[in-house]
1. Residue by residue through segment B:43-59, which ³J(HN,Hα) values in whole Hz follow from phi under the Karplus form 6.51 cos²θ - 1.76 cosθ + 1.60 (θ = phi - 60°), with glycine and proline marked x?
2. Relative to the longest principal Cα axis of chain D, at what angle does helix D:131-143 sit, 0 to 90 degrees, rounded to 10?
3. Round to the nearest 10 and give me the degree value, 0 to 90, for the angle of helix C:129-141's Cα axis relative to the longest principal axis of chain C.
4. Under 5 Å between amide hydrogens, which residues at least 5 positions from C:Ile81 or on another chain qualify, with H placed 1.01 Å from N in the peptide plane?
5. Count the DSSP beta bridges whose two residues both fall in chain B, then state the antiparallel fraction as a percent rounded to the nearest 5.
6. Give me a single rounded figure for C:284-290: the average over its residues of other chain Cβ atoms within 10 Å of their Cβ.
7. Mind checking which lysines have their Cα closer than 25 Å to the Cα of A:Lys205? Skip sequence neighbours fewer than 8 apart in that chain.
8. Pairs of alpha-carbon atoms within less than 8 angstrom and 6+ residues apart define the contacts here; what relative contact order does segment B:103-241 have, in percent?
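Read-outs: derived from the displayed coordinates by stated rules, not from any lab. Note that the structure is a prediction, hence the values are computed from the model and not measured. Every residue, glycine among them, receives a Cβ derived from its backbone with ideal geometry; neighbour counts consider all protein chains shown.
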Amino acid sequence: MLNTVKNIGQKEKIKLFLEQRKPIIEDWKHTYYLWKSTPLAMIGTVIIFIFLTIAIFAPLLTSYSPTEQFMEERLLSPSSQHIFGTDQYGRDIFSRVVYGARVEVWIIFIVSIISVMIGIIVGITAGYFGGAVDEILMRITDMFLAFPRLILAMVLTAVLGPNLTNTMIAISLVDWTVYARLGRAEAMKVKSQPYIEAIRAVGAKDLRIIAFHVLPMSISPVIVQLTLRMGTIILTAAGLGFLGLGAQPPTPEWGAIVSDGRNYLVNQWWISTFPGMAIAFVVLGFNLLGDGIRDILDPRLRR
Amino acid sequence: MLKKMYLWTILIVLFLSLTCLTNATTPKDALVIGANTEIFITNDPGVSFEVLPNAMVQNIYAKLVSVVVKDKQFITVPGLAESWEVAPDGKTWTFHLRKGLVFADGDPLKADAVVYSFQRVLKLQKSPCWLFSDVLGLTEESIAAPDDYTVKIVTNGAPSNVVLTMVGNTLSGVLNPRVVKEHEVDGDMGQAWLMDHSAGAGPYNLEEWDRKIKVVLKANENYWRGAPKIKTVILQDIPEPTDQLLLLKKGDIDVAWDLTAEQANSLKGGPDVSIVTTPGQSDEYVGMNAGWGPFKDVRVRQAVKYAIDYNAIIDKVMTGFAINNQQFLPVGYFGYVENNPYYQDIEKAKTLMAEAGYADGFDVEIVTNTTERRKTEAVVVQENLAKIGIRATINLMQASQMYAKFREQGLQIIVAGWGVDYPDADALSNPFANYRVKQLAWRCVWYDDYAADLTEAASKEINEDRRFQMYQDLTNYWHIYGPFAMMYQPIQFWGVRNEVKNYDKAAEGYSVHYDLTEVYK
Amino acid sequence: MKLGTYIIKRIFLMVIVMLGVATIVFFITRVIPADPVGAILGGNAPIERVDEMRHQLGLDKPITLQFIDYIKGIVHADFGISLKSNRPVLKDIINYFPATIELAIASMIFAVVVGVVLGVYSAIYRNKPIDHFSRIFSILGVSMPVFWLGLLLLLLFYYHLDLLPGGGRNSLFIFSPRITGLLLLDSIIAGDWIAFWDGLSHIILPAFVLGYASAASIARIMRASMLDILRQDFIRTAKSKGLSKRVVIYRHALKNALIPVVTIIGLSFGSLLSGAVLTETIFSWPGLGRYIVNALLVLDYPAVTGGTLFIAFVYSLANLVVDISYAALDPRMRV
Amino acid sequence: MQKVRGDLLNISKLKVVFYTYRGIIKALNGVELWMNKGERLGIVGETGCGKSVTALSIMGLIEQPGEIMEGDILFGDKLLTSMQETSLINIRGKEISMIFQEPNAALNPVMKVGFQIAESISKVKNKKIGKEVYVEVRRMLEIAGLDWERTINLYPHELSGGMAQRVMIAMALSSNPKLLIADEPTSALDVTIQAQILELLDELVKKFGNAVILITHNMGVAAEFCDKMAVMYAGNMVEYARTTNIFENPHHPYTRGLLKAVPKIGRTDELQSIPGIVPDLVNPPSGCRFHPRCKHAMDICRKDFPPLVEIKSDHYVACYLYGKEDIQNANS
């Protein structure tokens, strides 16, 4: 068997490979087609792309530091020098917004990792083992779900001490329930498959089954859900920042910048307006993308 | 289609009729003050200890004497007591009440009411109690009424200025014992009831406190100095400064209490609104932990004092609403003489750092709380310190957490403020220079016995000249060795509609004496 | 399962969950070291007074004893005494909650009406201009930060256009009657129309800002659900019976399409309560959200635990009601 | 206007397309169909051949993303294809009724069945739903063989498939329509129930004298029930004749193939399926759409679509196998 594969040429290998993967490739092609024909998803993707580009190339986009103060240049209105104006410390709002993109990306990244990890572990454990374990874990999940999200996050950050790290921890501790439910459903589905029974019969341990069979199946719905939730993560972080319970100065977190500027709203509208627009813009991007993904995954469209 | 049109018309009419209601201006005999009433806890003079509620309590309860501002100095003038004298031992004080005084409800006000009120403060043991018990050394037995018009108290021999300012302080407001006893629940001496009711003899009665909405005061027609001109005072809860600004500009409120400096400046020169200012009764400081690493070295502390850009903070952060005052005594206090040795001098600071062996600087954590102003100050200080190589990070804490850590001597640098408890030098020299009272000096681990001894001596010195000189010596010594860089003394400011007259007189004494009887429209 | 058994089971579960919630809140707020007492007494107070007060409040007792006291209290609806306001927390909650619930209800009404109407039209006129408008409206609604939108609208409608009031529940010199604590309802009961219009003009902006995101998500779900229903066989049947488009949509489709929306209404209630924290801050709305935020800032533990628990309780209750009405709405659930 | 061949219904050159992401589906490709009053017509063919689309076209229920491209549907003297929606409403349910394949799904799940029938009746009689209407509802339920007291207040999910279909029949016949379209009315039901339903339908239609179009993929059902049969393939009518003719003397190769695939009692030869697959209607084969699966395919079949010609009286076939002379006859 191995020999035959070895003997065939590179081209054939690729061909064979493509042949085997044909359904998957077809599926991807189809997805690509749907994505292309969903203008909203495309706009969303473009927005997210711009957002990531800004985050990556922040230092190239602006010559001002996001934190250094120039008390001589405080509260300047938007001009060619400072296209978004300056704040009460003479910092360039544009560069704060641009560097803020990095903060937001970081928040999304960390929150996603922590919350997915907790969620998956709890969810799969509950779904796979079922019974009392399931009952207990799900009741715990319910307890976390019994709080309105922002309020729980608020209490957590306030108690942990408001700063960026704790904000991320708090949001993760609020957000994991979504993935737990998904993971549980997925685990229950996989568990009831006949082949799992077969694998168990040949002596596979639970941990092994979870790691090699249940986990991979749970990943893709979780990833989809994650994309849908990224907008919410930003909004929650910004809400905490606005209440002074999130990232602390001089961290250029967008919500915190809006909050910084709110006392200047009447006379210096630009301080709050631009970072607020940045939040709306990026969340819009995630929502459009999420909507698109929902549409693309809609089995009725996939027929 | 017609049906739709009809519906739209109704909607538009409704909307317009709603909007008509929004243009209400305040009545002529009413004063509406917009403020963040978050810190309002009670209107009980024996419990209240914050500036804003005190400002209301001062207008509800009359006191034996009043501490007012004259020629920018605090002086004591007669109140319910028309005269007083102190025995030669400097401890026994006798106050003579006016005849025919009545409470707002018409009950006669006699000496027993004063005694009851003072003893009540001591019994309640609430926030302001220590001013009586610790500073004046009063006990329940040391307060007495030999007859209906005489009140006698025996102190620990505190200087006369201290005693009189205390008797003129909010906690000395006189309550009607009959009413209070009527509303006593479980021996609380009327605490619960007095939160939102009043039983005083001041110019106003507390009509209503609708929590987080408004506090309403109504004129007391029986006030001994005559009923005030403004009949209704409403303290409207408006937590956001921006909202206060908007409402003030529109005339929905007459006075805005919590404007930002920036907003106040934007109002200057406007047609309808002026800015009223008065020196604030507080200090803004940068405190260094003299027991921590580099700050053990007095030269490092001096370097920090030379690194701070005082002018930038005053001009830019406070946009001029601050006085360059580098001592703990606020302007206008006994013992105050302008004395500001520090200014930003990076070279000098660097030299001092090098002499102390920290030419390359060090890492330090600045802690402050989450209010807008402190945040800004901390950020400026952080920048300033960076110039002499001190790499500072800012850690914003909620006030509660910050003070908890501070009380455990657990901070490296703190940016904070100290509000004056009573208008005497003593109220500041102790916290800032005497570590034995376990306040600021102790929290900054500045265990300096010379300063502590001098502070204690000054607080017992009855001779005014000698006392004055002691404060000069203390200030000079403290400037060199102390762990504090004093950023400024804030200037308190209000946005006030031009229809409101004499508000500057009313607010001149700010936290010590806030007198709405002066105001008219 | 019979509807009755279902309700009993749900209530039983809710009690268990609420006890868990109480435990979570307790440990979140007590285990981490911080000093609420110091905050209450202010920066000036000497350390002796702080210790004294801590003892008074029983904060120096072992944590397990404190926990037992706390749970005992909760069972008796006693959340303790607020360190800051010095009043029973429950009294404070009763004081502030009507404002929050009034705002939440007003927002909910706005959200449901706008969301359902937009969603239905969007589905009927799929890919027509009204659909595009409604989708843009919805997607903006869930994208804009509540606090930012609130600030901008305040600036526009209050300051620049002078059309609506700038905050609070009513105007200064309009004294509304107090019966239930819900101003609008009270003024209707009392027949005080001036107070009613005044209250209404005050609630418009905050209710819009708060309800917008929920309106958007309801519109989104409504559209999807309506599209789904319109594809169903029974709609074809209804049409084949010769029923007019109106009847088909409003009598046959809408009733079915609303069922999943009910679930979203329950979830939206959570985001309304969350959003209320922000909206109340911006619009000077004297509600529970602001109470909790302010209590958090000074770590007033009894107030934080009480307020949070209460909000969680109201939210769970709302979800319970939604679940039950879901069951009641859909005859298929009533087997 | 094409010639009128039936006195109840005439469909000519009906073309229907559906716009989808894959492209345009040419669902009907010039269907010709006609029938007389009181007649029972069976439309047979594989899944996706356009039977249901034809039915929906008659009802005027082709909606986005579908569209009638060309062709006429003449019902009596009314040209349905050019009628406004408002007038169509008066035909649907009143003159033409329809029953569907999945009776449970075809009933609104949140409404009591009684109400759903009442809706129909109130529409036809132009009366508000009330006592009078409900009297009629009871009568219809009885006629459909249901105990009205038990069923009238039930929800659809509480009914078995057979009961639900009886409700549908009661609903459809409540207006005593001229034409009843039954779209696979029994294929979702158990075999025993199927027979009952067909019997009921047979009995009622006899009683009321309605014309019926029975859409089915089951040749046996069609044979039992229908006077005439129309065979459809990939959007075209390929053969139309009396039922007996279709069974005894099928002409079109596709019809023959279908019949070979029908199991029969006493049949000894092996069941055969038609080789090849149903064509993709986005890119249908040129010419005769059946040619890729036809063993008799000729060159002309690949180029042109054969017209439907009458090769015997009342027997029409669309296939080039049947002599030029037939075609010429037809044309002259």
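1. 10, 8, x, x, 10, 4, 8, 10, 4, 5, x, 4, 4, 6, 4, 4, 8
2. Approximately 50 degrees, to the nearest 10.
3. Taking Cα atoms only, the helix is inclined about 10 degrees.
4. It is C:Val89, by chain and number.
5. 75 percent
6. For this peptide, the per-residue mean of nearby foreign Cβ atoms is 5.
7. A:Lys189, A:Lys191
8. Over segment B:103-241, the number comes to 21 percent.
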